[in-house]
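Where a number appears in this text, it was derived from the coordinates with a stated rule and is not lab data. Computed from a prediction, not measured in an experiment: that's the story for all the values here. Backbone-built Cβ (ideal geometry, glycine too); neighbour counts: all protein chains shown.
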Amino acid sequence: MTTTDAAETRTDPASGRRAGVAVELRDLNRRFGEVRALDGFSLDLAPGELVTLLGPSGCGKTTALRALAGLEAVDSGTVVVGGRDLRGVPVRQRDMGMVFQSYSLFPNLTARDNVAFGLRVRGQDKAARRRRADELLELVELGGRGDRYPHQLSGGQQQRVALARALAPEPQVLLLDEPLSALDAKVRVALREQIRAVQTRLGTTTLFVTHDQEEALSISDRVGVMRDGRLEQIASPAELYARPATPFVAEFVGTMNHLPGTTTADGVEVLGRRLPVTTGRPAGAEVDVLLRPEALLVTPDPHGTGVVVATTFLGAVTRVHVRVGDTQRSGARPGGDGTTVLVDRPSAAVAGLGPGAGVTVEPAPDAQPLVA
Amino acid sequence: MAAVISDLGATTTAEPPAPARSRRRGGSAWARRLVLVIAGLYFLVPLYAAFRFAIGTSDGGVSGAVFAGIPAQDGFLDAITLTVRLAVIALVITLVLVVPTAVWVHLRMPRLRRVLEGVTLLPIVVPPVVLIIGVLEVAPPELKGTPDLLALVYVVLALPFAYRALDSGLQAIPLTTLVEASRSLGAGWGRTLVSVVLPNLRSALLAAVVLTVAMVFGEYTMASLDQYQTFPVWIVVFQQANARVSVAVSLLALLGTWALLWLISLVDRRRQSPEDT
Amino acid sequence: MKQREVPAWVGVVPFAAYTVVFLGVPVVAVVLGSFVDPATGAFTLDNFGIATSGVYLRGFGSSIGLSLVTALVPGVLGLVLALAVRASPSLRLKRAVATASGVFANFGGVPLAFLFVATLGSTGLVVELVKAVGVDLYGAGFSLYSFWGVAIVYGYFQIPLMVLVITPALEGLRPNWREAADNLGATPVQYWRHVGLPVLAPAVLGCMLLLFGSAFSAYATTSALTSGSLALTPIQIGSFLNGNVLSGQENVGRALGVGMIVVVGVLMALYALLQRRVSRWLQ
Ligand SMILES: Nc1ncnc2c1ncn2[C@@H]1O[C@H](COP(=O)(O)OP(=O)(O)O)[C@@H](O)[C@H]1O
Ligand SMILES: [Mg+2]
């Protein structure tokens, strides 16, 4: 039965730390009329791993997560958690904790009673569940706020209570559907770190959903980029950024310049420089070359082909917006036939550049372009 | 009556329904259907029974003649004319009083909203039968001699509910921004009200109109005690004459309200349809 | 036109004035009149003495009883119906019910009485049908013209009234809560017991109060059905107005009116207290 399985997989008696369970989503399909919300979607989570699904709004992230929770039926495909096929297992027996985007706390219960809810429906006695609830509130740094009602808590505090509530019954899997999207920027950063810290400590296998790439890259073991109901690429944050498998991923993760280029025998020529890359195209073809802002160099040059349009100070680096490729050099009006490229350089190196300065922009020698 | 108002008002404020994330729940789907069937029977059987009775003839046959004959019945047209007149008077006064007040309160005295909400409860506290005693006692004789006094009192019954409908309608629109934009473009208050605020309150206004009209067409207590033959009173006076016709008229009264509400929901739906799809 | 800073309260003067003239003044007149001895014009409490004894006391009893029954039972049934409709996936059903509720909630008085006479009257359709299967409703003691008969009729506008007023409150029940409860392992019963019903309680109470008010002042339906055999306070007040009064009791109708106001007033006060208890989490 459920309970025995779960108990075995969950607690590692030696360390007292729980080892998570493996999750396997295999070839899930789900259509809403014409829309394929899940289109042959597969995903594996290793025990204790935090995987983030990242993608634009409407790409099927929520549907995937809800399919795992049992809240959304799938047309076909299997969900296996801890070696057990969950087909036909109702939501309340799936033993998963879930944190919603917002407003999911029970408004008529205090923070403590919210956290204790899962224990109450399992018939735990009052003293025990109170103890456990307070322990979890401590864990999310809300000790002492247990008697507040949800509407007396800030958005960030509410989400922390929601996290504590999801964790209280020691779920096998933790599911978070854009839990930070409704919060303001500062709280968002602090809370995502807290979520990650708690998750690491408990070792609960976690699926996190967001459309915010920075969020995804900063807290995940692995990030899966979704597009139109399928997984486009799944990799560690560093790998995803450095080696995006497709232009879509490249575009979605980090900032990307699109530059016109021409293929050569062994690579591509862009901004007057040749870069080695396999393109799979005959030489001389016009292509779209994708380069990160930090893979470009900018040097002051009154006779250069570029004109600085603006600079954005980002701290250690400064982002220089350069207009290139205008046939008529006319102070970089918008509406010319060129493009604006973004170049990230150490702030000290480009301190002298201001709008109107003539510059040359070229790829760094070790730049790794992506060709579309 | 109260109900209609708050409901129609509420529909204007309700958030757009989230896409239904529905899921089969076996047992409860069954229970749900049972509830709906029982409710359907309770509400439809009397309609059918009344219809059967109305079209019956004394010799056991069936005839639709009663329905066709209604407009020609004694006093029917007078009753309808009087009721329409009262409805129009009550409606005009209600709107003239309520619309500017509601807008004003939203713009200038948001804190008063709670107080006015309290006023909304007064007609429940004071039953119409009590109110009419007092009204007949204090009304000057010139007013007592005309049915228009009824219309003036109907306004009191309609005011709070019409106010509620508009209030929730106003909640749903960015009133301050609209008014400021219009004023900064040089429009006067009157023009701002008519061409900027009102068009944005269409649903709420419709609700207020339906409410007031439906109320006047259903009000019996006051009209009968003030001894004027409005439509609801006529039905009663007439019942002594012919039971079949009375039942037929009763059915028509019900279907008439239905048609009215349906028409109004059509207007509203057309307005919303682009968002729906 | 220049001077824009009119004091804010000026805007509510017309509304307030109208309410005072057409609601406040008449009510004060009724209250004052209820303390006047019609023969001498002197102050007296006799009107209240009469209004709270004998047939009038029974009138209050039946009125309050009928209103309580037709607030509670249709209140619960209306809630169940509204929940069933809400749970239904059919948008068309939802719209149809919304419109139908508007119609039926406004339906009352004599037309409603006629509908039920044709249905449950001594020769009504349902009575005849049931008789054909061998059950004699009227023989078994049922009567449309009794307390319970009238209560059934009241359901015809009270249930839709409940559906209308409670539906917006149901919209406030977030699907998230149900899903979170499911996720945490709660059965549907546990969800309703710990979350759904407590969250709805303040609204349900308020709606039932409204239903009570609606039933308490309902006049025409009962009057048409029972022609006076079920003595309700509004009917008794009505007969005072129609001039069927013993001399010396002309002002008892006013005292009855004050009594009705007091009953609803007391109920509202109770409601306010209860409301504070059930909505502690809202403060
Ligand atoms: N219940 C539903 N009915 C109809 N379409 C739906 C429903 N749920 C999701 N969809 C559609 O499925 C697609 C994926 O939705 P979702 O998983 O919510 O996307 P995401 O969470 O990535 O923004 C969207 O196009 C959405 O409109
Ligand atoms: Mg989503």
Express the relative contact order of region C:3-150 as a whole percentage, based on alpha carbon pairs under 8 Å and six or more residues apart in sequence.
8
Whole-number percent relative contact order across chain A, with pairs defined as alpha carbons under 8 Å at least 6 apart:
15
Considering the dipole of the protein assembly as shown built from charges on the beta carbon (Lys and Arg +1, Asp and Glu -1) around the Cα centre, which of B:259, A:153, A:343 is farthest to its positive end?
A:153
In this structure, the FRET efficiency calculated for residue B:185 and residue A:141 from their beta-carbon separation, with R0 = 60 Å, to the nearest 0.05, is 0.75
How large is ³J(HN,Hα) for each residue in region A:301-317, as worked out from phi by the Karplus curve 6.51 cos²θ - 1.76 cosθ + 1.60 (θ = phi - 60°), to whole Hz, x for Gly and Pro?
6, x, 9, x, 8, x, 10, 5, 9, 6, 10, 10, 7, 10, x, 4, 10
Which distance in nm do the two modelled labels at residue B:178 and residue B:80 give, with both placed 7 Å along the Cα-to-Cβ direction?
3.6
Nothing charged except the Cβ atoms of Lys and Arg (+1) and of Asp and Glu (-1): what's the magnitude of the dipole of region B:71-272 about its Cα centre? Round to the nearest 20 debye.
880
Using the Kyte-Doolittle scale, find the helices of chain C whose mean hydropathy is at least -1.0 and whose Cα atoms extend 27 Å or more along the helix's long axis, counting only whole DSSP H runs.
C:54-87, C:147-171, C:197-217, C:252-278
Run the Debye formula on the Cα coordinates of region B:78-135, all scatterers equal and no solvent, and tell me log10 I(q)/I(0) at q = 0.21, 0.25, 0.30 1/Å.
-0.99, -1.03, -1.06
Just want the answer: with Cβ charges of +1 for Lys and Arg and -1 for Asp and Glu, which residue in A:257, A:284, A:317 is farthest toward the dipole's positive end in region A:255-371?
A:317
So what's the convex hull volume per residue for the Cα atoms of region A:255-371, in Å³?
98
Could you give the C-alpha radius of gyration of chain A expressed as a fraction of 2.2 N^0.38 Å, taking N as the number of residues it contains?
1.20
So, with points 7 Å from each Cα along the Cβ direction, the residue C:44-residue B:143 label distance in nm works out to 2.9
Can you list the HN-Hα couplings for region B:145-160, worked out from phi with the Karplus curve (6.51, -1.76, 1.60; θ = phi - 60°), rounded to whole Hz and with x for Gly and Pro?
x, 10, x, 4, 4, 4, 4, 5, 6, 4, 4, 4, 5, 7, 3, x
Expressed as a fraction of 2.2 N^0.38 Å, the rule-of-thumb size for a compact globular protein of N residues, what is the C-alpha radius of gyration of the protein assembly as shown?
1.21
Expressed as a whole number of Å, what is the distance separating the alpha-carbon centroids of region B:91-139 and region B:59-74?
42
Can you give me the relative contact order of region A:255-371 as a percent, contacts being Cα pairs under 8 Å and 6 or more apart?
32
Whole-Hz Karplus couplings 3J(HN,Hα) for region A:342-355, θ = phi - 60° and coefficients 6.51, -1.76, 1.60, Gly and Pro as x, run 10, 10, 9, 9, x, 4, 4, 5, 10, 4, x, 7, x, x
Averaged over peptide C:7-16, how many Cβ atoms belonging to another chain are found within 10 Å of each residue's Cβ?
6
Tell me which residues come under 5 Å, amide H to amide H, from residue A:296 once H is placed; ignore anything under 5 positions away on its chain.
A:344, A:364
Taking the Cα centre of chain C as origin and charging only Cβ (+1 Lys, Arg; -1 Asp, Glu), how large is the dipole, in debye to the nearest 20?
920
With each label point set 7 Å from Cα along the Cα-Cβ vector, what nm distance links residue A:200 and residue B:29?
4.6
Spread of Cα-to-Cα distances over 10 Å intervals beginning at zero, given as percent, for chain C
6, 20, 26, 24, 16, 7, 2, 0, 0
Separation of region B:158-223 and region C:203-270 by C-alpha centroid, Å?
33
Amide H proximity to residue A:227 below 5 Å, modelled H, separation 5+ or other chain, gives A:232
So for region B:71-272, Kirkwood radius off the Cα pairs, Stokes-Einstein at 10 °C and 1.306 mPa s: how many µm² s⁻¹?
85
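Could you sort the peptides C:53-65, C:99-111, C:123-135, B:75-87 by per-residue average Cβ neighbour count (10 Å cutoff), highest mean leading? It would help to have the intermediate numbers written out before the result.
On the way: C:53-65: 16.0, C:99-111: 24.6, C:123-135: 13.8, B:75-87: 17.7.
Those peptides, ordered most packed to least, come out C:99-111, B:75-87, C:53-65, C:123-135.
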Name the long-range amide H neighbours of residue A:42: under 5 Å, sequence gap of 5 or more, or other chain; modelled H, no Pro or chain starts.
A:27, A:28, A:231
Residue mean of other protein chain beta carbons inside 10 Å, A:59-66:
1
R0 = 30 Å: FRET efficiency of residue C:21 with residue C:244, Cβ-based, nearest 0.05?
0.50
Charge dipole (region C:171-283, unit charges on Cβ, about Cα centre) - positive-most of C:274, C:224, C:237
C:274
